[in-house]
Amino acid sequence: MILRSLTAHVKDQNWFAVWVDFAIVVIGVFIGIQVSNWNERQADKRIGEEYVARILLELDITEETFQRNLDFSEWVIDYTLRALDLLEFESGDLDAEFVVASFIAAHEIVGYIKRDVYDELLSVGSLNKIANLEVRERIQNFYQIEQDLFDMGTTENTYQFDLRGALPHDVIMILRKSCSARYTDKLGTISRLPRTQEDCMSALSSEQLSRALANLEAADIRRSLRQAFGDYQNKQRDFMDVLEKVRELKGFLKGQLAPLPS
């Protein structure tokens, strides 16, 4: 309709009407572009809010994982300290308690930040769809922890190697069955702690216990055990630091995220 009107006005050389028709076309295109841009911004805002909501769910998982593994680290540290006490300060011969404590002290303390949603956000190039700059920067700074703060899963534990080299294979297999923790997923979540120390000790025969004690005394694990104790304490502090940052970010995001319509 506008095109026919414009053509007619040009034929009639009604230049004022031509300019009016042209202005109507330009304004219509401009309004159309603005509406399209507004719709796109709203869609991007919605996507950004959904990603933040999903990151909050992952932070819940990370918080639960680190809290469980913080409790687990306390358990390992207690047995590591007990093994050191028995080795260095207790009088008398070493016994089954020392074998069990030494074995539990070799448990690996791990913890990983769950970041599947954040990695997805980066891979699809949607980070800028989180419109709030402070929200975006806080999320980026938090996930930088995994690279800058620690790598809990790959730290070499010399004591583990020393213990495995010292204990007879059959003793290790029995203790793994009766005294090992269980991990449920790649995040290192602890699903079950070992049974009581008495259960662990009763799993060994007298002959196995004698061989284990003789090997441990010959191996002289004092140095690597002390080192492991220090490493475990450092990791425990890392766990506490991560938990603090997780809770801080969760509180901030919950305060910034508007309720999404159902």
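The values are calculated or read from the model by the stated rules, or taken from the named source; none is laboratory data. Note that this is a predicted model, so its numbers are computed, not measured. Because the Cβ atoms are built from the backbone with ideal geometry, glycine has one as well, and the counts that use them run over all protein chains shown.
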Quiz item: In the stretch 194-228, what residues are at pLDDT below 90, farther than 14 Å from SER102 by Cβ and surrounded by fewer than 17 Cβ atoms within 10 Å (Cβ to Cβ)?
Solution: ARG195, THR196, GLU198, ASP199, SER202, SER205, SER206
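Condition check: part of a helix (DSSP H, G or I), hydroxyl-bearing (Ser, Thr, Tyr) and at pLDDT below 85. Does SER73 satisfy that?
no
Does ALA106 qualify as being more than 19 Å from the chain's Cα centre (by Cα) and at pLDDT 85 or above?
Details: more than 19 Å from the chain's Cα centre (by Cα): yes; at pLDDT 85 or above: yes.
Yes, satisfied.
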Quiz item: Does GLU108 count as surrounded by fewer than 20 Cβ atoms within 10 Å (Cβ to Cβ), part of a helix (DSSP H, G or I) and not polar (S, T, N, Q)?
Solution: no
Quiz item: Of everything in the stretch 119-140 that's in contact with a Leu (Cβ under 9 Å, 6 or more places away or on another chain) and assigned to a helix (DSSP H, G or I), which residue is nearest to ARG46 (Cα to Cα)?
Solution: LYS129
Practice problem: Test LEU175 against the criterion of being at pLDDT below 90, in a helix (DSSP H, G or I) and farther than 30 Å from ALA219 by Cβ, and give yes or no. | Solution: no
Quiz item: Is there a residue in the stretch 144-158 that is in a helix (DSSP H, G or I), over 24 Å from the mean Cα position of the chain (by Cα) and at pLDDT below 90?
Solution: yes
